[in-house]
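S.K.: Below is a structure I'd like to ask you about.
The values are calculated or read from the model by the stated rules, or taken from the named source; none is laboratory data. Bear in mind the structure is a predicted one, so any value in this text is a computation, not a measurement. All Cβ positions, even for glycine, are placed from backbone atoms using ideal geometry, and neighbour counts span all protein chains on display. With ligands, DNA and RNA removed, areas are computed over all heavy atoms of the protein, side chains included. Shrake-Rupley method; radii C 1.70, N 1.55, O 1.52, S 1.80 Å.
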Amino acid sequence: GRSLLDQMQLKGQSLTKAALFGEFRMEAPDGDAIALTNRRASLLLAILCLEPEHSMDREALARLLWADRFLPQAKASLRQCLLELKSKLEAYGLDALAVSRFEVALKPNCLRTDLSEVEAALWAGETEQLIDQLLAIGNRPLLQGASLNPVFDEWLTERRDHVDARLRSGLSEAIRAA
């Protein structure tokens, strides 16, 4: 029983990694840091990483990231941000964004996150791997220092609470099963 991550690495498919705990950062498969200098582009990618199986409504993203602007201006800013982000990721050989007129999502299996690795180890019952990952994360919160505006900050607090509850529930289950 190899983990999905081990299986992907065995097939030679190393994936770009996004760290969601602590400050958001990305690493290319070779370990090099992917520098995202646009703060909102970085947060946009982090939002998508927190919701990997879901597409996000473009209008909701615009309101979240540009809460202080009128909607048409916020949508234009999102459009520009997506172009810049797509271009930046493509420069690293990463085709990660699925963008339509109404939604934005991460393409399936294009990157991995520290959160998805913790959850995979937890659900697979890979206790040693889970402990190593939790120790590496330490007490760093999800998207540390990512404050942007009251709307985004409230959304982030809700996401943190949701992830925390999900992990606590999984850990309780794992302890009971042990």
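S.K.: Any idea which of (1) at pLDDT below 85; (2) open to solvent by less than 20 Å² (accessible area, probe 1.4 Å) is the one L4 doesn't satisfy?
M.R.: Single failed check for L4: (2).
S.K.: Cβ-Cβ under 9 Å, sequence separation 6+ or interchain: first residue in segment 83-97 and closer than 17 Å to G31 by Cα and among the hydroxyl-bearing types (S, T, Y), partner part of a loop (DSSP other than H, G, I, E, B) and at pLDDT below 95. Which pairs?
M.R.: Short answer, once both residue conditions are applied: Y92/A28; Y92/D32.
S.K.: Cβ-Cβ below 8 Å, separation at least six or inter-chain, first residue in segment 129-149 and free of Cβ contacts under 8 Å to residues at least 24 places away in the same chain, second among the β-branched types (V, I, T) and part of a helix (DSSP H, G or I): which pairs?
M.R.: Q133/V118; L134/V118
S.K.: Okay, next question. Can you pull out every residue in segment 22-47 that is in contact with a strand residue (DSSP E or B) (Cβ under 6 Å, 6 or more places away or on another chain) and within 19 Å of F152 (Cα to Cα)?
M.R.: R25
S.K.: Follow-up. Is there a residue in segment 51-71 that is modelled with pLDDT of 95 or more, farther than 21 Å from E158 by Cα, in contact with a helix residue (DSSP H, G or I) (Cβ under 7 Å, 6 or more places away or on another chain) and open to solvent by 30 Å² or more (accessible area, probe 1.4 Å)?
M.R.: Yes: one or more hits.
S.K.: Considering only segment 107-127, I want to know if a residue exists there that is in a strand (DSSP E or B) and either out of contact with any Lys or Arg (no Cβ under 6 Å at 6 or more places or on another chain) or open to solvent by 70 Å² or more (accessible area, probe 1.4 Å) (or both). Talk me through it step by step, then tell me what you get.
M.R.: Pass one, segment 107-127, residues in a strand (DSSP E or B): 111-113.
Okay, now just the ones that are also either out of contact with any Lys or Arg (no Cβ under 6 Å at 6 or more places or on another chain) or open to solvent by 70 Å² or more (accessible area, probe 1.4 Å) (or both), so 111, 113.
Yes, the conditions are met somewhere in segment 107-127.
S.K.: Follow-up question, since we're still on this one. Within segment 150-166, is even one residue touching an Asp or Glu at 6+ places or on another chain (Cβ under 7 Å), buried (at least 17 other Cβ atoms within 10 Å of the Cβ) and not aliphatic (A, V, I, L, M)?
M.R.: If we filter segment 150-166 for residues that are touching an Asp or Glu at 6+ places or on another chain (Cβ under 7 Å), which is where we start, we get none.
No: zero hits.
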